[in-house]
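The values are calculated or read from the model by the stated rules, or taken from the named source; none is laboratory data. For clarity, every value in this text was computed on a predicted model and none was experimentally measured. Backbone-built Cβ (ideal geometry, glycine too); neighbour counts: all protein chains shown.
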Amino acid sequence: MEGPLVIVVTGSSRGIGKGIITLLAKQNITRPLYIYATSRNGTKTGVEVLAPNKVLYRTLDITDSSSIQSLFAQVLASHGAIDILINNAAVSNDYRETLEYAAETIWTNYGGTRDMCAAFLAQPIIPPGARIVSVTSGMNALSTSYGVQLQTRFRQATSIDDLDALAKGYLADMSRGPDAQRAAGWGSGARSYKVSKALIETLTIVLAQHHPEVLVNNCCPGWTNTEMGKQGKGTPPKTIEEGAMTAVRLAIGDLGPGGDGAGGLGIEGERVSGMFYENENIMVAGWGKAKVWRET
Ligand SMILES: NC(=O)c1ccc[n+]([C@@H]2O[C@H](COP(=O)([O-])OP(=O)(O)OC[C@H]3O[C@@H](n4cnc5c(N)ncnc54)[C@H](OP(=O)(O)O)[C@@H]3O)[C@@H](O)[C@H]2O)c1
């Protein structure tokens with residue numbers, strides 16, 4: 001049997017991150033899965049693990065560069081390379097949006113994901129078949145609420161500098177009040193979560209263009225029964241394992257148009273990168289279908 005596939009998952013203390021490690025840990029594919037389940041307090045969630053897979057718990061705060069460096073140093077010292085990064089950790093402060101909370105949302109969701117990707121891509125060896133998966137949201141859509149010029153800036157971004165400029169520009173416009181935010185094309189009301197997810201989507205496309213050696217994709221988990229999911233009105237219909245399905249497929253499954261319809265996750269993986277995957281709607285469970293985000 002080949003050596004293990006080494007996978008790092010962020011924000012696995014609860015919610016969809018816990019669903020991702022639960023679903024990964026029970027897979028029986030051609031290689032053992034060594035799953036680094038990370039969270040700010042190193043929570044041991046006690047998921048059931050099918051041998052020879054392993055779940056290894058570590059602390060990680062994605063907003064803290066020394067925490068990121070320490071995690072990568074530990075995992076690389078043990079294995080030499082990380083095959084798959086799943087960026088799941090995020091916050092949503094929509095219900096209490098202030099400038100401070102908006103900045104926390106932007107720099108955790110976008111900034112933390114950006115820095116995790118940079119650390120992954122800075123590994124001494126990028127293993128063949130390396131993948132990055134980011135959990136975003138259907139709320140990343142550009143077609144609603146953004147002004148035309150801003151949509152164009154997102155769609156034409158080609159570098160991390162372009163993305164950082166968009167992130168800082170949003171916070172600067174927001175700090176000048178609701179009228180300035182709207183006049184600058186960001187839309188009305190609490191927008192930081194949506195902007196952060198649009199930035200990660202653009203990051204996905206930019207990294208896929210610059211790193212053909214890595215498959216970089218992102219997905220919406222659908223409306224899932226977690227602390228964040230319960231911020232919406234009503235009861236989220238999806239369990240955490242259902243919410244984890246598309247991210248798990250993008251991490252270890254077939255990426256072709258048919259996807260892993262029946263749930264058999266093999267690692268033969270068609271080469272699809274820079275795409276956004278989601279199910280028909282946020283209420284249904286499934287392995288997800290690819291969509292061209294720039295058109296949404
Ligand atoms: N639930 C939904 O319906 C839904 C819908 C669309 C998209 N999503 C996306 O799905 C992903 C998971 O969301 P969820 O619903 O599972 O949310 P959740 O229950 O609130 O869990 C969020 C996770 O992120 C972690 N986290 C937050 N800040 C962090 C940081 N600085 N460093 C490391 N970890 C951090 C949290 O860890 P702590 O325990 O340390 O706080 C927690 O494990 C997110 O990307 C979210 O945007 C969710």
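For the range 231-239, state whether one or more residues are at pLDDT below 95, in a helix (DSSP H, G or I), more than 21 Å from Lys289 (Cα to Cα) and not β-branched (Val, Ile, Thr). Yes; the residues of the range 231-239 include at least one that is at pLDDT below 95, in a helix (DSSP H, G or I), more than 21 Å from Lys289 (Cα to Cα) and not β-branched (Val, Ile, Thr).
Condition test on Leu166, is it in a helix (DSSP H, G or I) and surrounded by 15 or more Cβ atoms within 10 Å (Cβ to Cβ)? Here the answer is yes, as Leu166 does meet what is asked. Figure legend. Inter-residue proximity from the range 213-229: first residues among the aliphatic types (A, V, I, L, M), second residues part of a loop (DSSP other than H, G, I, E, B) and near the ligand (Cβ under 7 Å from one of its atoms), beta-carbon distance below 6 Å, spacing 6+ or different chains. Indicated pairs: Met228/Ser92. Taking the criterion of being surrounded by fewer than 24 Cβ atoms within 10 Å (Cβ to Cβ), in contact with a helix residue (DSSP H, G or I) (Cβ under 9 Å, 6 or more places away or on another chain) and not in a helix (DSSP H, G or I), the only residue of the range 7-25 that qualifies is Arg14. Taken as a whole, the range 274-282 holds no residue that is part of a strand (DSSP E or B), over 15 Å from the mean Cα position of the chain (by Cα) and either modelled with pLDDT of 85 or more or of a type in the set (Asp, Glu) (or both).
When Ser70, Ser137, Ser66 are screened for being crowded, with 21+ Cβ neighbours inside 10 Å and not β-branched (Val, Ile, Thr), only Ser137 passes. Of the set (1) within 14 Å of the ligand (Cβ to nearest atom); (2) of a type in the set (A, V, I, L, M); (3) touching a residue at least 60 places away in the same chain (Cβ under 8 Å), all apply to Leu24 but (1). Residue check, Ile84 against (1) within 22 Å of Gly15 (Cα to Cα); (2) within 16 Å of the ligand (Cβ to nearest atom); (3) touching a residue at least 40 places away in the same chain (Cβ under 8 Å), all met but one. Which one? Here Ile84 meets the rest and fails (2). Take Ala77 and decide whether it is away from the ligand (no atom under 15 Å from the Cβ) and part of a helix (DSSP H, G or I). When the stated conditions are applied, Ala77 passes them.
For Ser92, indicate whether it is touching a Phe, Trp or Tyr at 6+ places or on another chain (Cβ under 6 Å), within 15 Å of the ligand (Cβ to nearest atom) and of a type in the set (S, T, N, Q). Criteria met by Ser92. Consider the range 170-206 and keep the residues that are in a loop (DSSP other than H, G, I, E, B) and hydrophobic (A, V, I, L, M, F, W, C). The one that is nearest to Val135 (Cα to Cα) is Ala190. Restricting the range 28-46 to residues that are modelled with pLDDT under 95 and in contact with a helix residue (DSSP H, G or I) (Cβ under 7 Å, 6 or more places away or on another chain), the residue that is nearest to the ligand (Cβ to nearest atom) is Thr45.
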